[in-house]
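None of the figures in this text is laboratory data; all of them are computed from the coordinates on show. The shown structure was predicted, so the numbers you read here are calculated from the model rather than taken from an experiment. Don't worry about glycine lacking a Cβ; one is built from the backbone with ideal geometry, like all the others, and counts go over all protein chains shown.
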Amino acid sequence: MKTREISRRHFIKVAGAAAAVVALGNLAAFPAGCGPKKAAFSNKLPIPPLAKNSSTDPSKVAFELTVQKGTSEFFEGKSTATLGYNGNYLGPVLRAKKGQQVSVKVKNMLDEETTVHWHGVIVPGEMDGGPHQTIAAGSEWNPAYVVQQQAATVWYHAHPLGKTAPQVYKGLAGVFIIDDEESQALNIPRDYGVNDIPLVIQDRRFAPDGSLLYMDGPNDALLGMMGDTVLVNGAVSPILDVNTVKMRFRLVNGSNARVYDFTLSNKAKFSQIASDTGFLEAPVELDTLPLSPGERAEIIVDFSSNAAGDVVTLNSGNMKIMDFNATQKGNDATSIPAKLTSISKIDEKSAVKTRSFRFTGGGDRAGINGLRMNAKTGMDTINETVQVGDTEIWEWVDQTGIPHPLHIHGVHFQVLDRDGQPPPANEQGWKDTLLIDNSRKARVIMKFTQKGLFMFHCHNLEHEDEGMMLQYECK
Ligand code: C2O
Ligand code: CU
Ligand code: CU
């Protein structure tokens, strides 16, 4: 598939450039884990806990997220200063069903401001948690909204103006699972923590003492911050024991800048069942899955042809992500249905307007159409104005040769085409983030339903903080 080839080529190029500035040590081979220092050190995959729902009303869910400082043990005996939600690193999994009202009590215990953005959740502007909804050090934010969208794996992360990248890098991100009638009726693996597992994949760079290094390389501003060590759910290249059954993985690329090309070491094919914000109409069989920062993909890996004792490694290029250790035969009553959902295509003719955007400049000149929004410029300029109920086409082109994951707040979009060609099958569902690279062009179509101010930006977080971000107002 065309797009895959493009991003693979790009991955190699960028990974090569990064390798030139990062000494590729054997850090990734170290046994590792995370969590409180007292616990026995292990490199088992941590499964993030489901956030406690304090609501007794079934039509509501109520969560608490405390943004806090912590220390993590990524390497045995070494303590690393990190940030987390209700813990040392990352956060609990929020879970809500379509139609439910979500309320979150966010407490900022840091000594700097933060925000909590619901990436992929359709909410009014003032609930979005973007840079406008700052939570000052020591204060609280209490957003509430009704989930109006189909089942999906979305996520939440810090988003303060000019400081998104360092805060996410230190750990401020978490997974948010949205269910609906359809997702609860499908016979796919959906037993959380058993055969339905979130995998937050992040690359990091560490100093020998275990502390996180950030922006210490000459190309970090230009390419974004990439590291030589892969964390999955906060553990260095961990191991997950699996029965020889079908396993569903909710992949979240929570990295600041790295584009992955996921493959399995046994060359097995796997099925992608969902893209960023919902199921695909039908499963898409893949041997390579590109995933850029901010994007999500749900995949089902069938271990039934493995024997107990087999180790299957999830890789990206020559980078090891994690190991699956087949431990025992399991009973598997799940299946991968040929049809997952129906997606009504937004008709191109329903668009009332087309807007064109170019990713321009690199490093400290990173922008969109030559315009920039960052800590220096502030957020007073509203770049685009759209009307609630309108359908529009936004056309994106890269002019830098560096991959840019385009992300738009407040909407879900469909990809009309890439360089005039239909997108690959796994990009034909609902999305909120799309990789644009290699001077390529893509057109996305969407209908605006939420009022307020929303960001649209490159989800390479260093690019974003530099200014590759603008905002629109939906009236
Ligand atoms: Cu995932 Cu504007 O962010
Ligand atoms: Cu977002
Ligand atoms: Cu970018």
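Need the full-extension length gain, Ala307 to Glu473, defined as separation in residues times 0.36 nm minus the C-alpha distance. One decimal, nm.
Length gained, Ala307 through Glu473: 54.3 nm.
Give the percent of DSSP beta bridges with both residues in the chain that are antiparallel, rounded to the nearest 5.
Of those bridges, close to 70 percent are antiparallel.
For the pair Phe41 and Ala81, how long in nm is the line joining their label points, each one 7 Å along Cα→Cβ?
Result: 2.2 nm between the two label points.
Residues of region 154-168 with the amide nitrogen closer than 17 Å to a label point 7 Å from the Cα of Ile343, along Cα-to-Cβ, please.
Backbone N within reach: 154.
How large is the Rg to Rh ratio of region 331-443 when both quantities use alpha carbon positions and Rh follows Kirkwood?
Result for region 331-443 is an Rg/Rh of 1.05.
Which order do the peptides 415-424, 127-136 come out in when sorted by mean C-beta neighbours inside 10 angstrom, highest first?
Sorting 415-424, 127-136 by mean packing, highest first, produces 127-136, 415-424.
Please list the non-local residues whose amide H lies under 5 Å from the amide H of Leu371, H modeled 1.01 Å from N, same-chain partners needing a gap of 5 or more.
none
Over region 38-96, what is the relative contact order in whole percent, taking alpha-carbon pairs under 8 Å and six or more residues apart?
Once divided by the residue count of region 38-96, the mean separation gives 31 percent.
Gln101 to Thr377: extension gain in nm, 0.36 nm per residue of separation minus the Cα-Cα distance?
Roughly 95.8 nm would be gained on extension.
If R₀ is 35 angstrom, what is the calculated FRET efficiency for the pair Glu384 and Ala144, using the beta carbon separation as r and rounding to 0.05?
Working from the Cβ atoms, E equals 0.80.
Output wanted: per-residue J couplings in Hz (rounded whole) for region 456-472, from phi through Karplus 6.51 cos²θ - 1.76 cosθ + 1.60, θ = phi - 60°, x for Gly and Pro.
3J(HN,Hα) across region 456-472, in whole Hz: 9, 6, 7, 8, 6, 5, 5, 4, 4, 4, 5, x, 7, 8, 10, 9, 10.
Tell me the net charge near Trp394. Cut-off is 11 Å between Cβ atoms, Trp394 excluded, with +1 for each Lys or Arg and -1 for each Asp or Glu.
0
Using the Karplus curve 6.51 cos²θ - 1.76 cosθ + 1.60 with θ = phi - 60°, work out ³J(HN,Hα) for each residue of region 111-125 in order, rounded to whole Hz, and write x for Gly and Pro.
Listing the rounded values in order: 9, 9, 6, 8, 9, 10, 9, 8, 6, x, 9, 7, 9, x, x Hz.
State which entries of Lys267/Lys441; Lys349/Lys447; Lys98/Lys431; Lys246/Lys269; Lys98/Lys447 exceed 21 angstrom in Cα-Cα distance in the structure shown.
Checking Cα-Cα distances, Lys267/Lys441 exceed 21 Å.
How long is the chain along each principal axis, judged by its Cα atoms, biggest number first, in Å?
Principal axes ranked by extent give 57, 50, 49 Å for the Cα atoms.
Per residue, how big is the convex hull around the C-alpha atoms of region 192-256? Give it to me in cubic angstrom, could you?
So the per-residue Cα hull volume is 98 Å³.
If r is the Cβ-Cβ distance from Ser439 to Lys267 and R0 is 41 Å, what FRET efficiency results, to the nearest 0.05?
Values: r = 31 Å, r/R0 = 0.77.
About 0.85, to the nearest 0.05.
Pairs of Cα atoms under 8 Å, at least six residues apart: use those to get the relative contact order of the chain, whole percent.
For the chain, the relative contact order is 15 percent.
If amide H atoms are built 1.01 Å from N in the plane of the peptide, which residues on other chains or at least 5 residues away come under 5 Å of the amide H of Lys105?
Placed amide hydrogens put Phe63, Glu64, Leu65 under 5 Å from Lys105.
Return the sequence-ordered ³J(HN,Hα) values of region 353-367 in whole Hz as given by the Karplus equation 6.51 cos²θ - 1.76 cosθ + 1.60 applied to θ = phi - 60°, using x for Gly and Pro.
7, 10, 10, 10, 10, 10, 7, 10, x, x, x, 7, 10, 4, x
Determine which lysines satisfy two conditions relative to Lys105: a Cα distance under 26 Å, and not lying fewer than 8 residues away in the same chain.
Within the straight-line cut-off, Lys105 pairs with Lys52, Lys60, Lys69, Lys97, Lys163, Lys170, Lys451.
How much length is gained on full extension from Lys329 to Leu213, taking 0.36 nm per residue of separation minus their Cα-Cα distance?
Between Lys329 and Leu213, full extension yields an extra 37.6 nm.
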